[in-house]
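The values are calculated or read from the model by the stated rules, or taken from the named source; none is laboratory data. For clarity, every value in this text was computed on a predicted model and none was experimentally measured. Reconstructed Cβ throughout: ideal geometry from the backbone, glycine too, with neighbour counts over all protein chains shown. These accessible areas exclude ligands, DNA and RNA; they are computed on the full protein's heavy atoms, side chains included. Shrake-Rupley method; radii C 1.70, N 1.55, O 1.52, S 1.80 Å.
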Amino acid sequence: MKPRQPIVQFLIAGVQKGGTTALADYLRQHPALFIPTLKELHFFDDETLNWQQHQELYSDYHAQFHGAPAGSRWGEATPIYSYWWPAIARIWGYNPAMRLILCLRNPVERAYSHWAMETGRQWEAMPFPEAIASEEQRCRIALPHQHRVFSYVSRGFYSEQLRRLWSFFPREQTLILRQEQLLDDPSETLRCVHHFLGVDNLPPTAALRANSGSYTSPMDPATRAQLQELFNPEINQLEQLLGWDLSQWRAACC
């Protein structure tokens, strides 16, 4: 049965390779917040269950928060939620008052970092140029769902994810950050996050840079130029949606 008072109150819902691990680690330092040690619970993107079964398993989901201090606000970080088509509707069905945080990254750099991660896991054998060239074809094998591994480019179209998010949740229940903010000024970024979550501000004890990927070689200029041309209209949309200046994303390099 669906609980009358949902327990999980906030989610770090995106994006993969956008600084979500570091953000979750920062928030674990706050005594009024509780995030399970297991970073990605993957409850709302679990396609092995139908939605009725998801609702029946809320108690299993809540069991992940065993040991949380009394009165703490519960949250979790699963960065695929913003990308996964059915997840936002399921989150709304669970808790319409949920507060959602997204940490966005330059989509060109995010795609390369994603590929490097999958290559390191040995889930990807193709060189990056070939992987993005064949992405559309390879991702069809996952239909009617999205592909969890080979979605290097498609995950970078954030405006679609934001519009889906805002079709269910009012903007005031969402906080959209940039990865650069967390890296360059974690104290100010956390002040904004703590305010958004309704807890006292607690400056970080030390700067964190979790899961900072290392590349055996930089992205080749031709591939970078190809992706930059592809994503420039998306970057323009994000500037209009969020009121941001993203000129840095047009000039950034790996």
**OP:** With θ set to phi - 60°, apply the Karplus curve 6.51 cos²θ - 1.76 cosθ + 1.60 along region 107-123 and write out the HN-Hα couplings as whole Hz, x wherever there is a Gly or Pro.
**Re:** x, 5, 5, 4, 4, 5, 5, 4, 4, 4, 5, 5, 5, x, 7, 6, 9
Original post:
Hey, any idea what % of region 168-244's accessible area is carbon plus sulfur with a 1.4 Å probe?
Top reply: 50
**OP:** Mind pulling the angle between the C-alpha long axis of helix 158-168 and the longest principal axis of the chain? Nearest 10 degrees, somewhere in 0 to 90.
**Re:** 20
**OP:** Using only alpha carbon pairs under 8 Å that are at least six residues apart, calculate the relative contact order of the chain and give it in whole percent.
**Re:** 24
Subject >> For the chain, calculated [θ]222 nm from helices alone, where every DSSP H run of n ≥ 4 adds -39500 (n - 2.57) >> reply: -12500 deg cm²/dmol
Original post:
Between Glu229 and Leu38, what is the spin-label point distance in nm, taking each point 7 Å from the Cα along the Cα→C-beta axis?
Top reply: 4.5
**OP:** Return the whole-Å distance between the Cα centroid of region 149-195 and the Cα centroid of region 73-93.
**Re:** 13
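For the chain, take the convex hull of the Cα atoms, compute a quarter of its surface area, and give me that in nm², please. Please list the in-between numbers first.
Numbers: hull surface 55.2 nm².
Hull-based average projected area comes out at 13.8 nm².
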**OP:** Please give the per residue accessible area of the chain, computed with a probe of 1.4 Å over protein heavy atoms only, in Å².
**Re:** 49
**OP:** Could you tell me the distance between the Cα centroids of region 1-72 and region 101-120, to the nearest Å?
**Re:** 22
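Using 0.36 nm per residue of separation minus the Cα-Cα distance, give me the extension gain between Val199 and Gln53 in nm, one decimal. Write down the numbers at each step before the final one.
Details: separation 146, 0.36 × 146 = 52.56 nm, distance 3.31 nm.
Contour length minus the Cα-Cα distance gives 49.3 nm.
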**OP:** Quick one: what are the phi-derived ³J(HN,Hα) couplings along region 60-70, Karplus 6.51/-1.76/1.60 with θ = phi - 60°, whole Hz, x for glycine and proline?
**Re:** 5, 4, 5, 5, 5, 9, 4, x, 5, x, 4
Subject >> Computed lengthening from Ser187 to Ser154, 0.36 nm per intervening residue step minus Cα-Cα distance >> reply: 8.7 nm
**OP:** Taking amide H positions as placed in the peptide plane 1.01 Å from N, state which residues far from Leu33 in sequence (5 or more) or on other chains have amide H under 5 Å from it.
**Re:** Arg73
